[in-house]
Amino acid sequence: MKTLGLIGAGHIGSQLARLAVKNGYDVVVSNSRGPQTLADLVAGLGPRARAATPEDAAQAGDIVVVTIPLKNLRDVPAAPLAGKIVIDTLNYYPQRDGHIADLDHEKTTTSEMVQARLPASKVVKAFKHIYAAELTTHGQPAGSAGRRALAIAGNDAAAKKEVAALIDQFGYDTVDVGPLSESWRIQRDTPGYGPRRTAEALRKDLAAATRPPR
Ligand SMILES: NC(=O)c1ccc[n+]([C@@H]2O[C@H](COP(=O)([O-])OP(=O)(O)OC[C@H]3O[C@@H](n4cnc5c(N)ncnc54)[C@H](OP(=O)(O)O)[C@@H]3O)[C@@H](O)[C@H]2O)c1
């Protein structure tokens, strides 16, 4: 990967952009209000960063992160993301996103909704259970004692391997939850959602997660 595209440049998007620049990648950030509204962020990120429209960011990224409120998922441009790895950080908060019956009744997961919106992309769920501010402060080199682990989920093994390598560069171990349909194990109100965990502890949390009845 040379360029990370970001659709969404808020708390999570801006932090991932910082990590990408720090690790030598180019970044293209985007939001709904237009590139001109991202001038301060881009200035802070330096010469490796530029702002663009979501379509341009999707086109430019070798890997693209979708990190917007779930309620706006329908706005994500599918065509320029076809064939690409798409990292999805989305969480479901009804008070922000409105009630979505299939999520309320545990019939699907946010990640499967992203995959359905982007059928030709390789969606990998990541960065959904770490607070944005911690992304740039909790990372440690590989092999560090107590290194924090982050869960990933996805249906494409090669895509997950590539995302795991990126997350390792960003300072974190990964634990593979399985396919997107298993990503509920790290959704809101599960034991692993939020607290700092090593890989071993996170595996236990994922195994202990329970899903409300459908
Ligand atoms: N904050 C956390 O600690 C955290 C942790 C893990 C996961 N998450 C999840 O990650 C996602 C992003 O969270 P966040 O805290 O970064 O949110 P945020 O700070 O509100 O930022 C959202 C970003 O998405 C952009 N956006 C909104 N609608 C868009 C659209 N239709 N097209 C393109 N860009 C759009 C916003 O730009 P505009 O200003 O143009 O609207 C903004 O840059 C959410 O689903 C959240 O639940 C958050």
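The values are calculated or read from the model by the stated rules, or taken from the named source; none is laboratory data. Because the structure is a prediction, the values reported are computed rather than measured. So basically every Cβ, Gly included, is an ideal-geometry build from the backbone, and we count neighbours across all protein chains shown. The protein model used for the area step is the full one, side chains on, heavy atoms only, and it has no ligands, DNA or RNA in it. Shrake-Rupley method; radii C 1.70, N 1.55, O 1.52, S 1.80 Å.
Key figures
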| item | result |
| --- | --- |
| Dimensionless Rg ratio for the range 57-214, taking C-alpha atoms and the 2.2 N^0.38 Å reference | 1.00 |
| Electrostatic dipole magnitude of the range 1-129 [Cβ: Lys, Arg +1; Asp, Glu -1; Cα centre; debye, to 20] | 280 debye |
| Length-normalised contact order for the range 66-144 - Cα pairs under 8 Å, 6+ apart - percent | 37 percent |
| Ellipticity estimate at 222 nm from DSSP helix runs (n ≥ 4, -39,500 (n - 2.57)) divided over the chain, nearest 500 | -8500 deg cm²/dmol |
| Carbon/sulfur fraction of accessible area - the chain, other protein chains in place, 1.4 Å, % | 51 percent |
| Distance violations [Cα-Cα > 19 Å] among 22/122; 2/22; 2/160; 125/161 | 22/122 |
| Accessible area in square angstrom per residue, the chain, 1.4 angstrom probe | 45 Å² |
| Positive-pole candidate from 30, 42, 63, dipole of the range 23-63, charges at beta carbon | 42 |
